[in-house]
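The values are calculated or read from the model by the stated rules, or taken from the named source; none is laboratory data. On a predicted model such as this, the values are computed, not experimentally measured, just so you know. Cβ sites come from the backbone with ideal geometry, for glycine too, and all protein chains shown count toward neighbours.
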């Protein structure tokens, strides 16, 4: 295909005008790329996708009011789902967000701090029918998603910082304001056992007081149980 005769048609969706303008200039410096329009939010992005029917939409993940994932969800449900190849642009993305985006039909995810060459490579990779995530092309999406989901699950397990289910119960009780004696009565264990658990918890989390423990649990969003 002669790229000059058939340029890749692109819509940019981002809530920052300066970023949109800079991105447009970068893209239009390439002879095989053509920017059809710009959107400042997700709702406008969906509207332009349906009106202009671009080949590629560069869609910001973190737009206010109507974020990228919501726009992607609406596009994937519409008649233009197969026509527009969406590449999400993001400053940072959790593995779970990448998984959700790809499951919703995104063809690529590109970090905003990437070099221009990487974005251009991502666009051409997606146009060739493959996927692009962060800094690499992905030919087997199912395998990639399985790896991401396993890694995401591992992150969740690590969020417990090596605490056992019983130790998490003890932390929950400390956060609820229980004294050692009350914890022992609540869980039907001895006070010595409570002290032993607390000693292990302090060592694992690197804290030295109950207040530090409670603050750590809240700040790190430990999976606590309801203790009353």
Flagged in region 115-135 as modelled with pLDDT under 90 and surrounded by fewer than 12 Cβ atoms within 10 Å (Cβ to Cβ), in numbering order, are 115, 129
Here are some residues: 138, 207. Which one is touching a helix residue (DSSP H, G or I) at 6+ places or on another chain (Cβ under 6 Å), under 20 Å from residue 223 (Cα atoms) and modelled with pLDDT under 90? 207
Would you mind telling me which numbered condition in (1) modelled with pLDDT of 85 or more; (2) surrounded by 12 or more Cβ atoms within 10 Å (Cβ to Cβ); (3) not assigned by TED's automatic domain parsing to the domain that holds residue 107 residue 160 fails? (1)
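A quick yes/no check of all residues on (1) under 21 Å from the mean Cα position of the chain (by Cα); (2) crowded, with 19+ Cβ neighbours inside 10 Å; (3) farther than 18 Å from residue 110 by Cα; (4) assigned by TED's automatic domain parsing to the domain that holds residue 100:
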residue	(1), (2), (3), (4)
17	no, no, yes, yes
22	no, no, no, yes
68	yes, yes, no, yes
77	yes, no, yes, yes
Which members of region 203-225 meet the condition of being within 13 Å of residue 164 (Cα to Cα) and crowded, with 16+ Cβ neighbours inside 10 Å? 205, 222, 224
In region 157-194, what count of residues is obtained for those that are in a loop (DSSP other than H, G, I, E, B) and over 14 Å from residue 226 (Cβ atoms)? 10
Being within 30 Å of residue 97 (Cβ to Cβ) and in a helix (DSSP H, G or I) is the filter here; which residues of region 195-210 pass it? 204, 205
